[in-house]
Amino acid sequence: MTKQLKQALGPVMCDLRGLEMEADEREMLLHPKVGGVILFTRNYASPEQLAALTQSIHELRQPHLLIAVDHEGGRVQRFREGFTLLPACDVFAKHGAEAETLTEQTGWLMASELLAVGIDLSFAPVLDIGGDKSEVIGDRAFHTEPEQIVKLARAYVRGMKQAGMAAVGKHFPGHGSVVEDSHVAIPYDHRDYQDIQMLDLIPFERMIRNGLAGIMPAHVIYSRVDELPAGFSPIWLKQILRKQLEFQGTIFSDDLSMAGAEVIGSYPERAEAALQAGCDMVLACNNQAGAQQILDKATLPESIESQSRLIRMHGQFKQDLTELKTTRIWQQRSNAIARLLPQPELNLGVDDIV
């Protein structure tokens, strides 16, 4: 084992090109502005390879860099072969009295398997309003009704917590009520704040009261509240989320490479704006040149409060995946969730869905 570098977690989360950490990427991850790594399907070949990759990342620094992934289930599950196939979140409500139990078991199963290969957190669950309006959200949401979303999200987060993983609700204050996909467009929501508050904000407000550890804001412009996308808006993050809703957890930006972030400017300008607005960590995914520009040119604030919040997002690593799969609880819950997927799903995960 190499000697670990002791330094604070920086506010930037970046990504890797392939199955192993290359020399230039190792240098990037040692940069003091870096605090985390997000993994995608391109970084996965097998559970054994993934565990070796995460170990190599953890060994770089102390405290270790946060390792994250989007592993919701359904369309957005980065690792499939060797992992339990997870249903899309809109499946649970269809199971009546079993819905909350199955949701909790899925949250536990997702978190346990990721922790067992050295991943700290999944950016989950989605707290957006479901339905047909937003195609990019769609079946990723638990329900179309806020109260049902809250009930199922509580169960999912409870399962994650039992496994040892903190939850990150997304996409604040709600992406489900706009048509445009912020990965490829700049979405606008022209509703009054009161209308958003009475629908989309309800799951976030209730989950904050329930102790939600992390939140990811949307790259959506809510034009009657602010001209800036929520993830770059001090109004949304400092005034509404921190002060009004009294959220004390960690705020992760959505991917700065998405079209919904382009309105802010260059990559360094996007990172600076998101952190100044109230984010604790910014994600620079699928564009290493852009991430390097942030590290080289951006003036990023240092915050003891952000550092403390980021440290609390580290996962609790208890056993490896082979050991996990021998346990009765894993076998029972894996079998229970398999009933929700009568036929194997196609690999529809897209690396730029966050």
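Read-outs: derived from the displayed coordinates by stated rules, not from any lab. Nothing here was measured: the structure is a model prediction, and the numbers come from that model. Glycine gets a Cβ as well: all are built from the backbone with ideal geometry, and neighbour counts include every protein chain shown.
Within a straight-line Cα-Cα reach of under 24 Å, Lys325 can be paired with the following lysines, leaving aside sequence neighbours fewer than 8 residues apart in one chain: Lys161. Under 15 Å from the Cα of Lys133, which aspartates and glutamates turn up, not counting those fewer than eight places away in the same chain? Qualifying aspartates and glutamates at Cα under 15 Å: Asp90, Glu145, Glu180, Asp181, Asp189, Asp200. Taking a point 7 Å out from the Cα of Leu30 in the direction of its Cβ, the residues of region 50-80 whose backbone N falls within less than 12 Å of it are 60-61. In terms of the Cα gyration tensor, with a ≥ b ≥ c the square roots of its eigenvalues, is region 6-159 rounded because a/c is under 1.5, prolate because a/b exceeds b/c, or oblate? Cα axes put region 6-159 in the prolate bin.
By the gyration tensor of its Cα atoms, with a ≥ b ≥ c the square roots of the eigenvalues, what is the shape of the chain: rounded for a/c under 1.5, prolate for a/b over b/c, or oblate? Judged from the Cα gyration tensor, the chain comes out oblate (a/c at least 1.5, b/c at or above a/b).
Kirkwood hydrodynamic radius computed over region 102-186 comes to 13.3 Å, based on all pairs of distinct alpha carbons. Here's the list of lysines a cross-link from Lys297 could span, going by alpha-carbon distance under 28 Å and ignoring same-chain residues fewer than 8 apart: Lys6, Lys33, Lys238.
Computed from point charges on the beta carbon alone (+1 for Lys and Arg, -1 for Asp and Glu), the dipole magnitude for region 69-338 about its Cα centre is near 880 Debye. For the chain, modelled as a GNM with alpha-carbon contacts under 10 angstrom, which of Asp254, Asp200, Asp296 fluctuates the most? Ranking Asp254, Asp200, Asp296 by mean-square fluctuation puts Asp296 first.
Of the DSSP H helices in the chain, those that are both long (alpha-carbon extent of 20 Å or more along the helix axis) and hydrophobic (Kyte-Doolittle mean at least -1.0) are 99-115, 146-163.
Listing Asp128, Asp70, Asp24, Asp320 from fewest to most neighbouring C-beta atoms within 10 Å gives Asp24, Asp320, Asp70, Asp128. Take the Cα of Glu59, step 7 Å toward its Cβ, do the same at Arg312, and the gap between the two points is 3.2 nm.
Between Pro146, Pro32, Pro234, the GNM of the chain built on Cα springs shorter than 10 angstrom shows Pro32 fluctuating the most.
How much of the DSSP bridge set in the chain is antiparallel, in percent, rounded to the nearest 5? Around 10 percent of the beta bridges assigned by DSSP in the chain are antiparallel ones. Among Phe92, Phe142, the order by Cβ neighbours within 10 angstrom, fewest to most, reads Phe92, Phe142.
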